[in-house]
Amino acid sequence: LRIGVLVSGGGTNLQSIIDAVENGTLASKVVCVISNKASAYGLERARKHNIPAFHVDPKNGHYDEELLALLLEQKVDLVVCAGYLKIMDEKLVNTFKGRIINIHPSLLPKYGGMGYFGIHVHEAVIAAGEKESGATVHYIDTGVDTGEIILQRQLEVLEDDTPESLQQRILAEIEHKILVEAIKQIEGSN
Ligand code: GRF
C-alpha cells in the first residue's frame, strides 16, 4: 500500500511505521508525510528517511483542499493519522472512506472526542482512578474518535503513574505495536 502519514508533533508513531517498512514487517511504502505544523519533528523524521515531507499551513485558508490534493497527487491508498491533532473535513473523510485510520491513546470509546488529546487523555484516566488504559486504532468517520475499531490493546495503570509516565508506557508498549499490526492486517485484506 502507498501510505500517507499525517502528523502534528514528535512522530514516534510515524517512526514505528518507517522502521516496520525498513525491516520488512510491512510490505507498504510511506510515500509522504504531511503536517499542519511546520515545526513537527515528524517531518524531520521523514526527511531523514528520504520520504517527501510537506507542511500544509492551516492559516492559508484552503487547508482541506490542499491536503486532499496532496494525498491524491501522491496516489495514497491508506491515510494514517499518527499524532495528528486536527479534525478531518468531511470531503476528505468521504474521499478516503474505509482507507483512513487514526491511533488514539485510550480504550475508545472511553476518553475519546474533543478535548481528549495528547496528555489530557492520560490526565483524565488517572484523575478518574482507572485501573487500566491503552490505545485504539480505528477507521476515521465524520465523528471525532468514533469510527469502527480495528485494534485495541490495554495495559494496567500503576499506582505511581503520572500522566507523563502513563503516556510514555502506552506509546512504547502499545501504540507503536498496534499501529503496525493494524496496517499489516489492512495489507492482508487488500
Ligand atoms: C500519541 O499518544 C498519539 O496517540 C496521539 O499523539 C501522541 C503523540 O504521537 N495522537 P507521536 O509521538 O507524535 O506519534
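The values are calculated or read from the model by the stated rules, or taken from the named source; none is laboratory data. This is a predicted model, so every value here is computed, not measured. Neighbour counts run over all protein chains shown; Cβ positions are idealised from the backbone, glycine included.
Here no strands (runs of 3 or more DSSP E) wholly within the stretch 98-190 include at least 3 residues being within 16 Å of V80 (Cα to Cα), out of contact with any His (no Cβ under 9 Å at 6 or more places or on another chain) and at pLDDT 95 or above. Against the condition surrounded by 15 or more Cβ atoms within 10 Å (Cβ to Cβ), closer than 17 Å to I183 by Cα and in contact with a Gly (Cβ under 7 Å, 6 or more places away or on another chain), how does G147 come out, does it pass? In short, no.
Do we find that G115 is under 18 Å from the mean Cα position of the chain (by Cα), of a type outside the set (K, R) and crowded, with 21+ Cβ neighbours inside 10 Å in this structure?
no
Quick check on my filter: what residues within the stretch 153-180 are farther than 19 Å from G118 by Cβ and touching a residue at least 40 places away in the same chain (Cβ under 8 Å)? Lay out the reasoning, then the answer.
Applying the first criterion (farther than 19 Å from G118 by Cβ) to the stretch 153-180 yields 153-154, 156, 158-160, 177, 180.
Selection gives Q154, K177, V180.
Checked against the criterion of being at pLDDT 95 or above, under 25 Å from T146 (Cβ atoms), within 12 Å of the ligand (Cβ to nearest atom) and under 11 Å from the mean Cα position of the chain (by Cα), the stretch 17-26 has at least one qualifying residue.
Among the residues of the stretch 137-152, write down those that are within 12 Å of the ligand (Cβ to nearest atom) and without any contact (Cβ under 8 Å) to a residue 40 or more places away in the chain. Passing the criteria: only H138. With respect to the conditions (1) farther than 21 Å from Y41 by Cβ; (2) within 13 Å of the ligand (Cβ to nearest atom); (3) surrounded by fewer than 20 Cβ atoms within 10 Å (Cβ to Cβ); (4) not aromatic (F, W, Y), S106 falls short on a single one, namely (3).
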